[in-house]
Structure formats: structure tokens, C-alpha cells
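*Asks:* Pasting in a structure now, in C-alpha cells, and then I'll have a few things to ask.
A short reminder: the numbers here are calculations on the coordinates, not readings from a lab. In this text the structure is predicted, and so the values were computed from the model without any measurement. Neighbour counts are summed over all protein chains in view; Cβ atoms, including those assigned to glycine, are modelled from backbone coordinates with ideal geometry.
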Amino acid sequence: MARVKTGPARRRRHKRILKQAKGFHGRKKNCFRVANEFVERAQQYQYRDRKQKKREFRRLWVTRINAAARQHGLTYNRLIHGLRQAGVEVDRKVLADMAVRDKEAFAQMAQVAKDAEAA
């Protein structure tokens, strides 16, 4: 049986990794062995941070909603609870956007929440 050499496959694999290492400094972008380690680590960070991004944005939205709610004499949880009782289905992303860009609409939402809580 003939001996199989991995020349073309190895070259393709190395080129793929080195292409992903573009923008790294020093041997991290030139030397396959070093680049391979750093590309693998970068991919682990990518995977982890795709999950963390969702957490961080929700945390930002909650912070913004809480700050705006306190200006209207409510806390975050009382605002959310009041909106739920009133049957208003607006997600936190939209609420946070309203708190920053459309203060009048957010004030109306806060009033709806207050009325629903009082009732």
C-alpha cells in the first residue's frame, strides 16, 4: 500500500489557522504552533462572550429602567410588576430605549404601572 503524505491538507489547515490569526502580534500571527494556541483560546473567548453579551445587555437595560423609574417615584420591580398587572407586554430592551429616547412615553408607562398597582 502506498504511503500517504499530508502536504496539501496540512497546508490548508495551517493557512486557515494563520488567516484567523491575522491581526495578532509577533509570532502569534506567523508561527503555526503558537498561532494555533492563540486562535483556539480566542475561539473559546468568542463562545463564552456570545453568552455573556446577552447577560450584559439585560443588566444594562435593567439599570436604565431602574434609573428612569426612580425619577417617577417607582422602583424597578414595582414598575415591572405594575406593567404586568396592567397587561402591558413590553420587553426590557424597548423599555430601556424609551427611558433614554422617549421620556414622555416612559412617563405614561410609569403612570400605567402606578395605576395598576393601586387598583
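*Asks:* Note down the nm distance, to one decimal, between modelled labels 7 Å out along Cα→Cβ at Thr63 and at Gln44.
*Replies:* With each label point 7 Å from Cα toward Cβ, the separation is 2.8 nm.
*Asks:* Something else: Looking at (i) 14.7; (ii) 16.6; (iii) 18.3, which value of Kirkwood radius over Cα pairs in Å comes from a calculation on the structure shown?
*Replies:* (iii)
*Asks:* Taking 8 Å as the Cα distance limit and 6 or more residues as the minimum spacing, I'd like the relative contact order of the chain as a percentage.
*Replies:* Result for the chain is 19 percent.
*Asks:* How large is ³J(HN,Hα) for each residue in the stretch 70-81, as worked out from phi by the Karplus curve 6.51 cos²θ - 1.76 cosθ + 1.60 (θ = phi - 60°), to whole Hz, x for Gly and Pro?
*Replies:* Per residue, the Karplus-derived 3J(HN,Hα) values read 5, 5, 9, x, 10, 9, 4, 5, 5, 5, 4, 4 Hz.
*Asks:* Expressed in nm to one decimal, what extension gain is obtained for the pair Ala107 and Asn30 from 0.36 nm per residue of sequence separation less their Cα-Cα distance? Provide the component values of the computation, followed by the final result.
*Replies:* Working: separation 77, 0.36 × 77 = 27.72 nm, distance 5.68 nm.
Length gained, Ala107 through Asn30: 22.0 nm.
*Asks:* Would you compute, from DSSP H runs of 4+ residues alone, the mean residue ellipticity of the chain at 222 nm, taking -39500 (n - 2.57) per run and dividing by the full residue count, rounded to the nearest 500?
*Replies:* Helix-only estimate at 222 nm: -26500 deg cm²/dmol.
*Asks:* Follow-up question, since we're still on this one. List nothing, just return the count: lysine pairs in the stretch 8-118, 8 or more apart or interchain, with Cα separation under 23 Å.
*Replies:* Value for the stretch 8-118: 10.
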